[in-house]
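Structure, as structure tokens:
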Amino acid sequence: MKIPCAIFRGGTSKPIFFLEKDLPHDAKRRDQVVLTAFGSPDLRQIDGLGGADPLTSKVAYIGPPTIPNTDINYTFGYVGIVAPVIDYTGNCGNTSAAVGPFALLRGLIEPKEPVTEVRIYNTNTKKVIVAEFPVRDGAFDSEGSFHIDGVPGTGSKILLDFIDSGGSVTGRLLPTGKVKEEVKFPTVGTLTVSMVDAANPFVFVRAADLDLQGNAPLEEIVGNSVLLRKCEEIRSVVAEIMGIAKKEEATQKSPGVPKIALVSPPTSYQTPKGTVDASDVDIIARMTALQKLHKAYAVTGAVCLGAAAKIEGTIVNEIFRQTQPNNPSPVRIGHPSGTIQVEIETEKKNGHLELSKAALARTARLLMDGYVYVPDK
């Protein structure tokens, strides 16, 4: 089977894009074709396009809009590397950065110079993302001077606003209605956690409660199998609390969400590119993706952490208030590759706290446009 596809670098991720119409209509058959295209299941994904890393084993399906006041539909999937599963439960913000450019590449939207705005309906979360990206001579212009940590070089700035992103998966900004609570875990013991669902559902844990220093080097966490097992245990239990999957099945059936982040107060630390000073961040966070350390920080994770920073009483808010007592709009997050900043604004409607703004900037670049060849079996 010869299937058209394109590979983009979107933010700090490298997803493969397909048009919905180019894949089988039957969901089971479609997933099998995509798994084979990625080379899954295989630790190296050697017989496919996957890069054997959670940040490069991602897929996006793009098609015409199905709801009013949107331009395109976008479905995201975490493609299992060693397990033959594609997790469609949540969204990927970095992948979202390349959705507009791909839609323009395939002629699904009209170019408008110098900036094209596209309203994207994410079918995973049933939320709308408004993206603005530069266009020149009718095509996406990826060249520019904007830099994001975790990506070498510079590119043009793509603005993303995750509209009304609270309750993306669980339906509630606070899935349990509590800003923080004590939860008993089978082997980890009892921990105080905060569960927040904005752009993607997260459980936030103090890094110190898992004996992790906030400025621990990347290599120390990557090789810490004990810590990663604890994170997966916490994530699995919380998956059941949030109603996403039974704790015994979370790793297999919902490896992508909920996500877990370990948070700590600002301190200076080393990245592959140099030192991040404590004064440059408001909070330090480390998160996992598909049971591995995320080498940077997810865009949806930045939205969720930013929201948690503005919700009085959460673990994240307690740390954030220590550094930013006046609670300004930007939230600066320190991650293993540098920093990421998100603009967050909240407001109360009918007695409930809602996100009125969750915006940040990314870059993207087209890497390959062509075909993937999949055995027809």
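Brief remarks on what is shown
- For region 86-205, convex hull of alpha carbons as volume per residue, Å³: 147
- The base-10 log of I(q)/I(0) for the chain, evaluated at q = 0.07, 0.09, 0.14 Å⁻¹, reads -0.28, -0.47, -1.21 [Debye formula, identical scatterers on Cα atoms, solvent excluded].
- Proximity of backbone amide H atoms, modeled 1.01 Å from N, is registered between residue 372 and 3, 5 at under 5 Å, excluding neighbours fewer than 5 places apart on the same chain.
- At an R0 of 35 angstrom, the distance between the Cβ atoms of residue 47 and residue 219 translates into a FRET efficiency of 0.75.
- Estimated purely from DSSP H runs of n ≥ 4, each contributing -39500 (n - 2.57), the mean residue ellipticity at 222 nm for the chain is -5500 deg cm²/dmol once divided by its residues.
- Inverse of mean 1/r across different Cα pairs in region 1-111, Kirkwood, Å: 14.1
- The alpha carbon gyration tensor of region 136-241 gives principal lengths a ≥ b ≥ c with a/c of 1.5 or higher and a/b no greater than b/c, which makes the shape oblate.
- The orientation-averaged shadow of the Cα convex hull for region 181-348, equal to a quarter of the hull surface, comes to 9.1 nm².
- Distance between modelled label sites at residue 373 and residue 292, nm, 7 Å Cα→Cβ extension: 2.7
- Only Cα sites of region 277-377 enter the Debye sum here, all with the same form factor; the resulting log10 I(q)/I(0) across q = 0.12 1/Å is -0.49, listed in q order.
- If both residues of a DSSP beta bridge must be in region 181-348, then about 80% of such bridges are antiparallel.
Only the coordinates and a few stated rules stand behind these numbers; no lab work does. Note that the coordinates shown come from a computational prediction; the quantities given were computed from them, not determined experimentally. Note that we place each Cβ from the backbone using ideal geometry, even for glycine, and neighbour counts take in every protein chain shown.
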